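Reading through the structure tokens given below for one structure.
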Amino acid sequence: MERTLVIIKPNAVQREIIGEIISRIEKRGFKIIAMKMFLITKELAERHYREHMGKVFYNELIDMITSGPSVLMILEGENAVEVVRNMCGATDPRKALPGTIRGDYGMRITQNIIHASDSISASESEIEIFFREEEIVDYRLAAEPWI
Ligand code: CMP
């Protein structure tokens, strides 16, 4: 089982589509083992997006992710990192295929609806940035292990 971090970004919260996105994730068969809504601080945003520091879009990226509340989740499932990235679609929503989250709900790369960890090591460090160990819930779904 792998874990991955998902951020439903502030623009998706403003557009009132968090339920649709969470629903897709649940229906696909992932187990949500932690979830919270909060306003990401500049300090956390800078830690999370440190690899993009110095890029032309960096300031816009930090402004966007701190512009309002986000919904953050830890998902658990087989090949969670790769499968969730595929569900999100290409980083640029205009290039994302229909049927993907970005391809169905987005048009602008900075406002691309959702972030998902791009590797297992990234997921480990991203989970550590945003969640404390006691916020992760250990439970079984009735459908396990078939989902
Ligand atoms: P995300 O998955 O959150 O990871 C980094 C983010 O940077 C990415 O989604 C986009 O929102 C943003 N991003 C990546 N490339 C560009 C770009 N060329 N111009 C503007 N924003 C970008």
Of all the residues that make up segment 101-120, how many are small (Gly, Ala, Ser) and either touching a residue at least 24 places away in the same chain (Cβ under 8 Å) or closer than 12 Å to ARG3 by Cβ (or both)? 3
Mind checking which pairs have a first residue in segment 84-99 that is modelled with pLDDT of 95 or more and a second that is of a type in the set (S, T, N, Q), Cβ under 6 Å, 6 or more apart or different chains? VAL84/THR4; GLY89/THR100; PRO93/ASN112
Exactly one of ARG94, ARG140 is surrounded by fewer than 15 Cβ atoms within 10 Å (Cβ to Cβ) and within 16 Å of the ligand (Cβ to nearest atom), and that one is ARG94
Looking at (1) under 21 Å from GLY106 (Cβ atoms); (2) within 11 Å of the ligand (Cβ to nearest atom), which one does GLY19 not meet, given that it meets all the others? (2)
Segment 101-126, subset more than 10 Å from the ligand (Cβ to nearest atom) and surrounded by 21 or more Cβ atoms within 10 Å (Cβ to Cβ), residue nearest to LYS36 (Cα to Cα): GLU126
Tally of residues being under 14 Å from the mean Cα position of the chain (by Cα) and within 12 Å of the ligand (Cβ to nearest atom) across segment 22-71: 6
Test ARG132 against the stated conditions and say whether it is within 21 Å of LYS42 (Cα to Cα), out of contact with any Asp or Glu (no Cβ under 8 Å at 6 or more places or on another chain) and either more than 16 Å from the ligand (Cβ to nearest atom) or at pLDDT below 95 (or both). yes
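The values are calculated or read from the model by the stated rules, or taken from the named source; none is laboratory data. Just so you know, these numbers come straight off a predicted model, no measurement behind them. Positions of Cβ are generated from backbone atoms using ideal geometry, with glycine treated the same way; all protein chains shown enter the neighbour counts.
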